[in-house]
Amino acid sequence: MGSTGKYIIVGGGLSGLSLAYQLSQIGINATILEASSRLGGRIQTIKGKKDTPLELGATWFSDIHPSLLEFIDELGLSKYEQYSKGISLFETKSFEPPQEFFIPESKNPSYRISGGTQRIIDTLAEKISRKNIHLNAKVHSLTVADDLLKLETSDGKIYHGDKVILCIPPELISKIRFSPALPDDLKQLLPEVQTWMAGALKFVVEYDKSFWRQKGYSGMLFSHAGIVSEMYDHTNLEESKYGFTGFLNGGAVGYSKETRKNQVLQHLKKLLGEKAASPIFYEDKIWTDEFVISGNQNIQWPHQNNGHLLLQKGFFNEKLFLCNTETSPEFSGYMEGAIRASTAIFEKLK
């Protein structure tokens, strides 16, 4: 059995949860169907051995993201500036010493959420009735049945809703069976909408102490020569827990996790010294699972078809809507885009 509800939101990432939260503010409790075993989508904060919040997903934002900043304030969360003081490194060739440079203080710094980006997701989930959130509920078909939309999940449960909002990457929407079928122009477009972060390989490491700060380094580095392509200090707000987060080069996708870890530590040792080779925790994530992307996308430019007009329309007599950071015409691919997309749909539904 499933349930019947006024609104059904497919996807428990930032766009889906923020939409559910906005609806709850006017007394509407939407049903949320999340295909994976966790909430957050491309936001994923994990904890190291000393509970250091470490980001495997979306991390940074700035003053040019007003919708997100307002949302963070409304949820009672706090932000702090990304640490960038000291010597930063740029490695151009493996056989040359890295270049050292300093980042001037910015009028528009990058921020992080105190306690980790997952705090946004967890706070939203607390404000939405848990009984309305269903995990491991992957939607595989959507049928127009009289005045309702009928959704069936992979575990055989049926849900009926007056309106359905698909808050998942557009490319994944094309894997759902629709009856009647979606318009041809939309079906053709969906596989050609770039899913931001799809294929990215992010890593985190945790240490007992911030040895790099003690040596005058910012923890920021960029490399064209090693497995780590970019990295940033990931010390917490209280400066009591220490680590790095960053991205590995595309070629590392084909390595085993153990090989990636060994190469990362050797690379950091070369650039930051012996202590970098002895973290207390390491993790990485390749963003290619079934909840992000279904195969190799035919993408020719960054943000391809993000914010396309078709993605902002209603379908099946305004009963079906798409809502995701890639559907936003502004800041698509970012957390700001997810908030803007959900607010736009909320205005249509309320």
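Data for the structure
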quantity: Matching residues in region 315-350 - criterion: being without any contact (Cβ under 8 Å) to a residue 60 or more places away in the chain, surrounded by 16 or more Cβ atoms within 10 Å (Cβ to Cβ) and not polar (S, T, N, Q); calculated: 337, 344
quantity: Test: residue 293 is touching a Lys or Arg at 6+ places or on another chain (Cβ under 9 Å) and surrounded by fewer than 20 Cβ atoms within 10 Å (Cβ to Cβ); calculated: no
quantity: Tally, over region 220-261, of residues that are part of a loop (DSSP other than H, G, I, E, B) and out of contact with any helix residue (DSSP H, G or I) (no Cβ under 6 Å at 6 or more places or on another chain); calculated: 13
quantity: Residue within region 80-89 that is aromatic (Phe, Trp, Tyr), more than 15 Å from the chain's Cα centre (by Cα) and more than 24 Å from residue 200 (Cα to Cα) present; calculated: yes
quantity: Selection from region 245-267 of residues that are of a type in the set (Gly, Ala, Ser) and at pLDDT 95 or above; calculated: 246, 252, 256
quantity: Number of the condition not met by residue 36 [criteria: (1) modelled with pLDDT under 95; (2) part of a loop (DSSP other than H, G, I, E, B); (3) surrounded by 15 or more Cβ atoms within 10 Å (Cβ to Cβ)]; calculated: (1)
quantity: Neighbours by Cβ (under 7 Å, 6+ apart or cross-chain): first from region 269-284, in the same structural domain as residue 58 (by TED's automatic domain parsing); second surrounded by fewer than 16 Cβ atoms within 10 Å (Cβ to Cβ) and among the acidic types (Asp, Glu); calculated: 280/208
quantity: Matching entry among 300, 312 (being crowded, with 17+ Cβ neighbours inside 10 Å and more than 20 Å from residue 230 (Cα to Cα)); calculated: 312
quantity: Residue within region 108-120 that is farther than 18 Å from residue 68 by Cα, not assigned by TED's automatic domain parsing to the domain that holds residue 336 and not hydrophobic (A, V, I, L, M, F, W, C) present; calculated: no
quantity: Sole exception among (1) in the same structural domain as residue 335 (by TED's automatic domain parsing); (2) of a type in the set (Gly, Ala, Ser); (3) crowded, with 19+ Cβ neighbours inside 10 Å for residue 58, by number; calculated: (1)
quantity: Selection from region 9-30 of residues that are surrounded by 24 or more Cβ atoms within 10 Å (Cβ to Cβ) and either assigned to a loop (DSSP other than H, G, I, E, B) or more than 21 Å from the chain's Cα centre (by Cα) (or both); calculated: 11, 12, 30
quantity: Filter result for the condition that a residue is assigned by TED's automatic domain parsing to the domain that holds residue 17 and either touching a Phe, Trp or Tyr at 6+ places or on another chain (Cβ under 7 Å) or acidic (Asp, Glu) (or both), over 156, 161; calculated: 161
quantity: Checking residue 29 against (1) in the same structural domain as residue 108 (by TED's automatic domain parsing); (2) farther than 24 Å from residue 207 by Cα, the condition it does not meet; calculated: (1)
quantity: Pick from region 63-109, criterion touching a Pro at 6+ places or on another chain (Cβ under 9 Å) and buried (at least 17 other Cβ atoms within 10 Å of the Cβ), ranking: farthest from residue 222 (Cα to Cα); calculated: 82
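Results for (1) within 23 Å of the chain's Cα centre (by Cα); (2) β-branched (Val, Ile, Thr); (3) outside the structural domain of residue 234 (by TED's automatic domain parsing); (4) under 29 Å from residue 72 (Cβ atoms), shown as yes or no for each residue.
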{"residue": "126", "(1), (2), (3), (4)": "yes, no, yes, yes"}
{"residue": "130", "(1), (2), (3), (4)": "yes, no, yes, yes"}
{"residue": "133", "(1), (2), (3), (4)": "yes, yes, yes, yes"}
{"residue": "138", "(1), (2), (3), (4)": "yes, no, yes, no"}
{"residue": "143", "(1), (2), (3), (4)": "no, yes, yes, no"}
{"residue": "172", "(1), (2), (3), (4)": "yes, no, yes, yes"}
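The values are calculated or read from the model by the stated rules, or taken from the named source; none is laboratory data. Note that this is a predicted model, so its numbers are computed, not measured. Positions of Cβ are generated from backbone atoms using ideal geometry, with glycine treated the same way; all protein chains shown enter the neighbour counts.
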